Amino acid sequence: MQSTTYDRLYQIAEPQAGYFTTAQAGAVGVDRNRLSDYAAAGRLERVRHGIYRLVSFPRVPHEDLFVAWLATGPDSVISHDSALAIYELSDALPARIHVTVPRTASRRRPGVRLHTGRIAPDEITHYGALRMTTVARTIADVASDGLADDLVIQAVQEAVSRGLALAEELLAAAAQRGPAVTRVVQHALAGEARP
């Protein structure tokens, strides 16, 4: 039995918190006119240019991160403070969504702090379909970006105690960011409150 157009959209949107792009819809044969028809019928909500949400899909945590990730493209990854929030490793509350994109994709987006740079495949993990930096890369990024030392120490200690990262992984990622980041991670691993 052939799936309906809406079923095809659901299959795309399900791992993406109910969201999808017009490009993803087009890849499964759903054109913009059909999307407009579904939106007019109340089955879809147009969230922003090129991004839709299935109205019937239940609300989930971190939906704003899925929208930012879809808006910045498939090579982008949720990173820095936003990834730290998903891991629930510190009391830091990000004011903006942090996304790392390839150097060629650095266009400004409202409400999103774009970081440009290379992320190795082994520094990427997933939250559903959402691409994000690993715990070790995330902690190195926030430490390098100026997050308060006490919050970095909290994140390191939480990550190790919850088994989300090994000390060696954290030290290796910190070493790539320089001696100041390495010192903070070393102090955290030694159980010290402040460097």
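Coordinate-derived values only; no laboratory data. Note that this is a predicted model, so its numbers are computed, not measured. Here Cβ is always computed from backbone atoms with ideal geometry, including for glycine, and neighbour counts include all displayed protein chains.
Label-to-label distance for R46 and R96 is 2.7 nm, based on points extended 7 Å past Cα in the beta-carbon direction.
Quantify how much of the Cα-Cα distance distribution of the stretch 5-54 extends past 12 Å, in percent. Before the final figure, lay out the partial values.
Details: 692 of 1225 pairs.
I get 56 percent for the Cα pairs in the stretch 5-54 exceeding 12 Å.
Between the listed residues G26, V101, V55, the Cα displaced farthest toward the positive end of the dipole of the stretch 22-117, a dipole computed from Cβ unit charges relative to the Cα centre, is found at G26.
Each of R8, R53, R48, R43 has some number of other Cβ atoms within 10 Å of its Cβ, and from fewest to most they run R48, R43, R8, R53. Sorting D64, D91 from the fewest to the most surrounding beta carbons within 10 angstrom yields D91, D64.
Here the dipole of the stretch 5-54 is about 140 debye; that uses its Cα centre as origin and unit charges on the Cβ of Lys and Arg (positive) and Asp and Glu (negative). For the stretch 1-120, the relative contact order is 17 percent, taking Cα pairs closer than 8 Å that sit 6 or more residues apart in sequence and dividing their mean separation by the residue count. Normalised by 2.2 N^0.38 Å, where N is the number of residues, the C-alpha radius of gyration of the stretch 115-195 stands at 1.03.
Sorted largest first, the spans of the alpha carbon positions of the stretch 63-189 along the three principal axes are 37, 25, 24 Å.
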